[in-house]
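Step one of this worksheet: look at the structure below.
The values are calculated or read from the model by the stated rules, or taken from the named source; none is laboratory data. Not measured: the values here are computed from a predicted model. All Cβ positions, even for glycine, are placed from backbone atoms using ideal geometry, and neighbour counts span all protein chains on display. What goes into the accessible areas is simple: the full protein's heavy atoms, side chains included, and nothing from ligands, DNA or RNA. Shrake-Rupley method; radii C 1.70, N 1.55, O 1.52, S 1.80 Å.
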Protein chains: 2
Amino acid sequence: MKDFAADPSHPRYESLLKRHILEGAAEKGMLAGSALIAHGRGEAYDYLIGEQTIDSAMLATKHALYQLKNAKNPVISVNGNTTALAGEDLLKLASLLNCPIEVNIFYRTAKRMQVLLNHLEEIKSKLGLNVEILGASPDALIPGLEGPRAKCCQNGIYSSDVILVPLEDGDRCEALVAMGKIVIVVDLNPLSRSAKMGSITIVDEVSRVAKNLVTGFDFQEEKLEFPFDNDINLQLTLKHINEFLSDLSSSVD
Amino acid sequence: MKDFAADPSHPRYESLLKRHILEGAAEKGMLAGSALIAHGRGEAYDYLIGEQTIDSAMLATKHALYQLKNAKNPVISVNGNTTALAGEDLLKLASLLNCPIEVNIFYRTAKRMQVLLNHLEEIKSKLGLNVEILGASPDALIPGLEGPRAKCCQNGIYSSDVILVPLEDGDRCEALVAMGKIVIVVDLNPLSRSAKMGSITIVDEVSRVAKNLVTGFDFQEEKLEFPFDNDINLQLTLKHINEFLSDLSSSVD
């Protein structure tokens, strides 16, 4: 961290900044042991899409926004990495949607839950937003999961019809789909179980997604084509990565 | 870590085991803040080569072994991640080559150096090997680098003609090449600066490479073709990844 040079002209400034934020979040106790490794995997996949929002991701983002805006009980589920990287924009989105945010972590400890809840409450009060932040007192269980991973809030995840779950574990993603919800996944790995399982999968970096959801909130919905085919959209993403690598390896045949 | 299930039948057992080892190493103070993120990037790239030693990597490994065996002053440079994942096999390799191992970390602190040196000394004594472990008292500087990153040992890295530097930073790799050394890089990202800069780049996971170097130590050198072209070999690696992804995205045209 001491070596982070805040030089926005560096070609990989955004990536280095996110790494810096994550290392800081780890020091504050916001992250589980495997969170930095997960972030590294994300960095590698992000590199393969050029560290940008590609067309297939933007299309998925628009469909996600459509579903969130037209939901009866939308909810935004956040874990440690998501809170650190995109907490502010997701609070703004929750405010625009008038829906709750629920802290929902895979390796649940009371201490880490509290650090994350405090972090979100601080941002909320700094921005002067009126958003319900859930997770402190789980009172429901996601069917099909065991132990603390099943815990959630009745007024949040449990009763939601549309859920935005960035960086979600495959098992939990599957359990949420099995509950009949529209599950919006954000995952940089287009081959992950969550990516394949989601109703709408946005293969993009979580802070870019959160920003796109907020800045694009009033996009022209009538231009969207239905139904959205998540499998086809994932294939388009793979095709994009494939072409990127193909250009790089084109000198050998 | 508590959630690591030691089930060797799990399809991703090896990958999960390495993650587990790295998390343990972080807890022991062996790693810098960015080390877990770097490991995660490696995991993602490893996934793209099928978590196996591909042909181009095995070819580079054989050329690396040839150079190490025919060197006047070979040396093995290790950082935190390398020590945690491949310390044992690299000590065995050093014993076979009768060369020193030098602990050489990017974010150098006295405490972390000591933890790593102790870790290697413990393995060495457990295996009953006679290997010189350097790094405690750097007495030379790598030209072209500033601050603690330039530090190295006269009897190790400084005077080496062939150096194995797994998971090395791009700047340091460049500085070692500029010293006229044959630099053997181990990096899962075929597009990294180190990968492009190395004399011989092995795009493979460091513990697999270390094992291949030890188990293949007496391979038939006369079958190797010279000169080794690192750029062509990297292109073949990209082609391999490309074909892997192409198979996955083939249903969209």
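Put simply, the Cα atoms of the protein assembly as shown extend 73, 49, 47 Å along their principal axes, the longest span coming first.
Might you report the magnitude of the Cβ-based charge dipole of the stretch A:98-253 about its Cα centre, with Lys and Arg at +1 and Asp and Glu at -1, to the nearest 20 debye? All intermediate terms of the calculation are to be shown ahead of the outcome.
Values: 15 positive and 23 negative charges, 141 e Å.
The dipole magnitude comes to about 680 debye.
In chain A, the DSSP beta bridges split such that about 10 percent are antiparallel, to the nearest 5. For the stretch B:113-175, the average shadow cast by the Cα convex hull is 4.9 nm², which is a quarter of the hull's surface.
Summary of the geometry: the stretch B:227-249 and the stretch A:201-253, compared by the centres of their Cα atoms, lie 24 Å apart. Placing a label point 7 Å from the Cα of A:ARG193 along the Cα-to-Cβ direction, the distances to the matching points in the other copies come to 3.8 nm, shortest first. Only DSSP H runs of four or more residues enter the estimate; each adds -39500 (n - 2.57), and after division by the residues of the protein assembly as shown the mean residue ellipticity at 222 nm equals -15500 deg cm²/dmol. For the stretch B:143-205, the average shadow cast by the Cα convex hull is 4.0 nm², which is a quarter of the hull's surface.
Give the accessible surface of chain B per residue, rounded to a whole number of Å², with probe radius 1.4 Å and ligands, DNA and RNA excluded.
Details: 11200 Å² over 253 residues.
Computed with neighbouring chains in place, this is 44 Å² per residue.
Look at the alpha carbon pairs under 8 Å that are at least 6 residues apart: their mean separation over the length of the stretch B:108-253 gives a relative contact order of 13 percent.
Working note: Debye formula, equal point scatterers on the alpha-carbon atoms of the stretch B:164-253, no solvent; log10 I(q)/I(0) at q = 0.11, 0.12, 0.14, 0.25 Å⁻¹ is -0.38, -0.45, -0.59, -1.28. Closest approach to the axis carrying B onto A, counted by Cβ on chain B and given in whole Å with its residue, is B:GLY40, 1.
Taking amide H atoms as placed 1.01 Å from N in the peptide plane, the amide H of A:LYS151 lies under 5 Å from those of A:ILE142, each 5 or more residues away in sequence or on another chain.
Which entries of B:LYS28/B:LYS126; B:LYS111/B:LYS211; B:LYS72/B:LYS111; A:LYS151/A:LYS211; A:LYS111/A:LYS211; B:LYS62/B:LYS239 show an alpha-carbon separation above 22 angstrom in the structure shown? Going by Cα-Cα distance, B:LYS111/B:LYS211; B:LYS72/B:LYS111; A:LYS151/A:LYS211; A:LYS111/A:LYS211 fall outside the 22 Å limit. When all protein chains stay in place and ligands, DNA and RNA are ignored, the 1.4 Å accessible-area order of A:PHE244, B:PHE219, largest first, is A:PHE244, B:PHE219. Note on B:ILE232 and A:GLU27: with the Förster distance fixed at 45 Å, the Cβ-Cβ geometry gives a FRET efficiency of about 0.55.
For chain A, the direction-averaged projected area of the alpha-carbon convex hull comes to 15.0 nm². Amide H contacts of B:PHE219 (H built 1.01 Å from N, in plane; Pro and chain starts excluded): no residue 5 or more places away or on another chain comes under 5 Å. B:LEU85 contributes about 30 Å² of solvent-accessible surface, heavy atoms of the protein only, 1.4 Å probe. Counted over the protein assembly as shown, the DSSP beta bridges are approximately 10% antiparallel.
Could you work out the relative contact order of the stretch A:38-170? I mean the mean sequence separation of Cα pairs under 8 Å and 6+ apart, divided by the number of residues, in percent. Walk me through the intermediate numbers first.
Details: 170 pairs, mean separation 39.4, N = 133.
RCO, the stretch A:38-170: 30 percent.
Taking a straight line from the alpha carbon of B:LYS69, these aspartates and glutamates sit under 20 Å away, with near neighbours fewer than eight places off in the same chain left out: B:GLU88, B:ASP89, B:GLU102, B:GLU132, B:ASP161, B:ASP218, B:GLU221, B:GLU222, B:GLU225, B:ASP229.
For the chain pair A and B, buried accessible area totals roughly 3000 Å², probe 1.4 Å, rounded to the nearest 100. Reducing the stretch A:68-114 and the stretch A:151-173 to their Cα centroids gives an inter-centroid distance of 10 Å. Charge tally for B:GLY128 (other residues, Cβ to Cβ under 13 Å; Lys, Arg +1; Asp, Glu -1): 0. Contact order for chain A, expressed relative to its length and based on alpha carbon pairs under 8 Å spaced 6+ residues apart, stands at 21 percent. For the stretch A:27-99, list log₁₀ I(q)/I(0) at each q in 0.16, 0.17, 0.21, 0.22 Å⁻¹, using the Debye formula over Cα point scatterers of equal strength and ignoring solvent, two decimals each. Scattering profile of the stretch A:27-99, log10 relative to I(0): -0.77, -0.86, -1.11, -1.14.
Distances between copies at B:GLU146, taken between label points 7 Å from Cα along the C-beta direction, are 5.5 nm in increasing order.
For the protein assembly as shown, with all protein chains in place and a probe radius of 1.4 Å, 49% of the accessible heavy-atom surface sits on carbon or sulfur. A label point on B:GLY50, set 7 Å along the Cα-to-Cβ line, lies at 3.0 nm from each of its counterparts in the other copies, closest listed first.
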